[in-house]
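Values quoted throughout were computed directly from the atomic coordinates according to the rules given, and no laboratory measurement underlies them. Please read these numbers as outputs of a predicted model, since none were measured by experiment. As a convention, Cβ positions derive from the backbone with ideal geometry for all residues, glycine included, and neighbour counts pool all protein chains shown.
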Amino acid sequence: MSKPNALASQTSPHAGHRLSRRQFALAAGGAVLTVAIPLGAQTQPPAAAPGSAPVPPARPPVNRAPGSFIRIAADGVVTFLLPTCEMGQGIHTAQAMILAEELGADWKRVRTAMPEQVTPDYRLPMGQQRSVGSFGVRFWHDPLRRAAAQTRELLTLAAAERLSVPPASLAADEGYIVHAASGRRVPFGDLVQAASALPVPQNPVLRPAEQRKLTGKTMRRIDTPDKVTGRALYAVDMKAPGMLHGAVRLSPVFRAEVESMDPASVRGMPGVVAVVPVPGGAVVVAQNWWQAKQAADKLTIQFKATPNDRVGTPELDERMRAALDSGPLPPALQRGDVEAAFRAPHKLVEADYAVPLLAHACMEPINCMAQAGADRLDLWTGTQAQDILLRDCGAAGGYKPEQVYFHNAYLGGGFGRKTHAESAVQAMLASRAVGGRPVKVLWSRADDMQQGQYRQTMMCRMRAALDADGRIQGLRVRVAGPQMGRDNGIPLTNGVADGMSLTGIIDMQYQIPNMLVDHAVVPMPMALSPWRSIANSFTGFFVEAFVNECAAAAGKDPLEFRRQHLQGRPRMLAVLDSAAQSAGWGTAAPSGVARGLAVVESYGSPVAQVVEARLRDGHVKVEKVHVAIDCGRAINPGQVAAQMSGGVVDAMSVALRAKITIKDGRAEQSSFGDYQILRMGEEPQVITHIVEIGSPLGGVGEPCVPPLAPALAAAASTLSGRQVRRLPLADAGLA
């Protein structure tokens, strides 16, 4: 093996708080509790809740070592190694709260870091270390708590031996093991060496609810001080001695390969060091990024013709419309006797809906710095998917997993986009081409917007048979569009049902006795990637917009119509009632204001929203959004509310204006000027209610998105007198 990369300690993503393992041991005088004895079976994650992203297929239980998550130094500082990345969702604070509370650590002396290498301890049951699917708390809560309880018991046993008292007479509190009867206290740091020599308890006793001091309370995020003072480092901030910079030149047409390039065309330009072929294009390496970018733009490069060279949005839309009209397909879901339900309905309701391609539009552009040695690869990046980078860099560079080291920085937005490895592979290949010097590859905003990954465009046809009481007795759903699960290597149920394209429909909460769902697959030329809440981002719109139309056809209030179809679903009913009460549903709205309602369960958490909006100069202006969520027990309630606000902003952006359109095989939008996300002056007041009725832990970061669009569409339909069935609203002149 080559020598460990010295740059790791010079580019700490959490300045003042994040240390390499070697630095940590030295700073503590060499005494660190790092127990690595294998544990018993981990707590398995909860089964996928209806409407949630599917839980990955279970693998054999992983033996997780408490020392993989907790490091206690001789000076009493506790560092938590956290398995998921911090991309603004507050997950490091929540996970640290879980660990610190169970351990009995002093919150003021807690530090956080991320592991530099991937091991089974940090992987989800899908077999990957990833920060996706709102798993940060709902999966990791139990394994982290167990690791902290084991560590606490080790410290307690060590203290009992030192003090010559029974372990049961001791308690862990604020970084000490305390003997209440005598008033003696031993700091954690003094017990590290003795505790390290003890066997790990296999069945630790977890703290009872009455001993909780942190979780359930609003706590300030631990990353905020560094962010507001500018000390926090994002991947784009990374610097290293001798670092070079790379800019990409990628095919403007989706999936086009390089036919030829002439590195000599830019070799004489200022600062240019190398032109490196990479999949789908080239990286120009130079002394600074602007030099690299200027050269990349002038590089003589030709791309091969593809069948996509003349493809545009109108043609893709026509393909999906034709698929909606096509003949019978294998069912993704079939329940009851659908044919009988549609033979003589009291009322038939039909509607087609459509959503466009979306970009992830992270504030921090795509980037990665790599130093590629002969047998060691160091990556400084902000990634949601370490194992994807391991796989792709291994395939492109021949590195074994144990040879790859991550220095994961804060992410300036992720939303699913940063689960891919393009920039890591590009930086690795560029570093190799310049003799192993570190190279930071940075995409421009236009590169990411036009050559990136997209949330799929989809269409949906809904048909409902209502009985004389206004109940839905039969439902037929056809979805037309790409099959993201297949494109992303996710196994399909019965070879047909795709959770990444149909979740939210095939597992909807509404009690409908007769139901048929199928998927007319329409391949797309562009690369697809999960976008915040994945399929629920559009299936929530399809289902809830149609439920509002069915309520109108039945002559019923949208709230009561939903309640009628959700009997026996206490969580859905609880959030519906909470949001409705907050908005004063059933009372007259303020003059000129229309209300819209929707409720979606995804990622284990039902969320209801009531949107209050009015028309200004013919455009919809959202004034308030009332949100109710049941995520089980809220670990950090203030952060739950913050995520609800953030989700509303994301969802409003794409419901009002943002979309990607295709012309001549390439994306037309290039930046925030023509891909218009919500502006600060447009943000509504968001009023959040956390409903706690003893439910299992659910997600927070993703479930806040799906209900907004259908609730907004309902309000917009009332205001305009036109039924909104296509997003964004700007297509109808309403935004």
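Cross-link check: pairs K227/K624; K227/K659; K108/K227; K108/K239; K227/K440 evaluated at a Cα-Cα cut-off of 24 Å; pairs beyond the cut-off: K227/K624; K227/K659; K108/K239. Computed on the range 554-705, with alpha-carbon pairs under 8 angstrom and 6+ residues apart, the relative contact order is 28 percent.
Between the beta carbons of V165 and R220, assuming R0 = 41 Å, the FRET efficiency works out to 0.70 to the nearest 0.05. The sum of -39500 (n - 2.57) across all DSSP H runs of n ≥ 4, divided by the residue count of the chain, sets its helix-only mean residue ellipticity at 222 nm to -8000 deg cm²/dmol. Listed by chain and number, the aspartates and glutamates whose alpha-carbon sits under 15 Å from that of K621, ignoring those within fewer than 8 places in the same chain, are E612, E682, E683. Judged by the mean number of other Cβ atoms found within 10 Å, the most tightly packed of the peptides 297-310, 418-431 leads the ranking 418-431, 297-310. Take the Cβ atoms of W290 and E682, set R0 to 25 Å, and the FRET efficiency comes out at 0.15. Under the convention that each Lys and Arg Cβ holds +1 and each Asp and Glu Cβ holds -1, the size of the dipole of the chain around its Cα centre is about 940 debye.
Percent antiparallel among DSSP beta bridges with both residues in the chain, to the nearest 5? Taking every DSSP beta bridge with both residues in the chain, the antiparallel ones total about 75 percent. Between A527 and S671, the C-beta separation translates, for a Förster distance of 22 Å, into a calculated FRET efficiency of about 0.70. Couplings for the range 676-686, taken from phi via the Karplus curve 6.51 cos²θ - 1.76 cosθ + 1.60 with θ = phi - 60°, read 8, 7, 4, 8, 4, x, 9, 5, x, 6, 10 Hz in order; Gly and Pro are left as x. Each Cα pair under 8 Å and six or more residues apart adds its separation to the average, and for the chain the resulting relative contact order is 15 percent. For the chain, the Kirkwood hydrodynamic radius from C-alpha pairs, put into Stokes-Einstein at 25 °C and a viscosity of 0.890 mPa s, yields a diffusion coefficient of 90 µm² per second. Points 7 angstrom from Cα along the Cβ direction at S326 and V205: gap in nanometres? Roughly 6.2 nm, to one decimal.
Note on K663: aspartates and glutamates with a C-alpha under 18 Å away, same-chain residues under 8 apart excluded, are D309, E315, D317, E318, D447, D448, D674, D731. The amide H of A232, built 1.01 Å from its N in the peptide plane, has K227 as neighbours under 5 Å, considering only residues 5 or more places off or on other chains. Here's the picture: charge each Lys and Arg Cβ at +1 and each Asp and Glu Cβ at -1 in the chain, and of A197, P706, L103 the one pushed furthest to the positive end of that dipole is A197.
Projecting label points 7 angstrom from Cα along Cα→Cβ for R722 and Q117 puts them 6.0 nm apart. Charged neighbours of A195, selected by a Cβ distance under 15 Å, balance to 0 (K, R count +1; D, E count -1). 3J(HN,Hα) couplings calculated from phi for the range 687-696 with the Karplus curve 6.51 cos²θ - 1.76 cosθ + 1.60 (θ = phi - 60°) are, in sequence order, 10, 10, 10, 9, 9, 10, 10, x, 7, x Hz; Gly and Pro show x.
Taking packing as the residue-averaged number of other Cβ atoms within 10 angstrom, the listed peptides 198-210, 443-455, 715-727, 376-388 run from highest to lowest as 376-388, 443-455, 715-727, 198-210. Put simply, the amide H of A598, placed in the peptide plane, has neighbours under 5 Å in Q609, leaving out anything fewer than 5 places away on its chain.
Among 147-155, 249-257, sorting by the average number of other beta carbon atoms lying within 10 angstrom of each residue, highest first, gives 147-155, 249-257. Between the amide H of T383 and those of A409, distances stay under 5 Å, these residues lying 5 or more places away or on another chain, with hydrogens modeled in the peptide plane.
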